[in-house]
1. Does the range 411-428 contain any residue that is surrounded by fewer than 18 Cβ atoms within 10 Å (Cβ to Cβ), touching a helix residue (DSSP H, G or I) at 6+ places or on another chain (Cβ under 9 Å), closer than 14 Å to residue 176 by Cα and without any contact (Cβ under 8 Å) to a residue 24 or more places away in the chain?
2. When you go through (1) in a helix (DSSP H, G or I); (2) farther than 18 Å from residue 449 by Cα; (3) not assigned by TED's automatic domain parsing to the domain that holds residue 311 one by one for residue 77, which number turns out not to apply?
3. Looking only at the range 137-177, which residues are without any contact (Cβ under 8 Å) to a residue 40 or more places away in the chain and closer than 21 Å to residue 428 by Cβ?
4. On the basis of being surrounded by fewer than 24 Cβ atoms within 10 Å (Cβ to Cβ) and at pLDDT 90 or above, does residue 229 make the cut?
5. With respect to residue 386, determine if the residue is buried (at least 20 other Cβ atoms within 10 Å of the Cβ) and either under 18 Å from residue 244 (Cβ atoms) or out of contact with any strand residue (DSSP E or B) (no Cβ under 7 Å at 6 or more places or on another chain) (or both).
6. Which residues, counting only those in the range 126-136, are part of a helix (DSSP H, G or I) and in contact (Cβ under 8 Å) with a residue 24 or more places away in the chain?
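The values are calculated or read from the model by the stated rules, or taken from the named source; none is laboratory data. All figures in this text were calculated on a predicted structure; none of them were measured in a lab. With ideal geometry, Cβ positions are generated from the backbone for all residues, glycine too; neighbour counts draw on all protein chains shown.
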């Protein structure tokens, strides 16, 4: 009799547990057991297990249907932010997913390349609907969304660094940068001479555009300088320089992907986003951080992180008007100052880090899609695809990156991470930094990449035009 009573008690307890589980699943629908079938469990399982980028597959399909329905019914697509979020996310993650699934190259940065250059090709060949092209271009140019992305990435990554790494990293990174540029220039000019090109044309129209810092800060100032000094039309000069900038950026993306793969094969060569090896003190701090519970980030903390990034960028804008220093660089210095003087609370720092992770995972491929549509002319890239140009560009970038690798190793830095920064010296400005660091899976290096691109490019352009105007012409 006692046994029967105990069995009945056990059954009652099991029923109560299963009943509480059902209530729990009703309250928390994302905690779905595998054996639960029917609506809505199968639908939830489809959402949770199948994604394109970060978008659940059902929502991805619905987004595509809505975009094309809007285009077919009205003949246009609004450029307002709500529609553009859906449009850029749909096409950006689609192109990125194609790149990730390519054999071999999918693990070497093909996702960032596809997210940028597939849209460019689709625009040129007319496969992307005109309303989508017009709306995306207007949205990108009117909102300057790239600057919001870059400032959130820079501020978040700086706030995530310890102060020792921040100071020593900025001081040490100039060694690999300078040595890489010197070797890259010498190798590029030497290879061009061997291939029958004049050293003058090789340096000023092939090598220098690669290291000029992108389009806005590099190609356009170069074209203005060439027009003034050499008596060329600015359009002609820009037409010769711009494709080389883009091919150099493409080579940098590929090198970033290769370096990422190399880091996975040889983990002792990389810090996975850290330039300097951790000291014993840093390791103890890391252990303490791991021992502590994860901070609870609420919506207001996240908003504070976004606002902090925007305020620092505004400081950079004001600094640009007063000193001429590019706004992202001024913002970078302001963020470093705030970090060094502990100008914000640990909770706001945590908010900045969450903002960084959000933009890194959810905004990168949509941004690259917009870049590909709005400012990446496919015809100019194809026109520069001559064998001679490609050989010179590849040799220049590879020698630049290789030199950065070995110099960084001699200076006690993580060589692969420093070499990724060297890749960014050949990047297409801010957009190139995003693409290269995405391919290398080291977005934490964005502050150093901005130094390499903005400051390094500005120095290269200024000094080269000064020499051209005073000594060579």
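1. no
2. Looking at each condition in turn, residue 77 falls short on (1).
3. 144
4. No.
5. no
6. 131, 132, 133, 134, 135, 136
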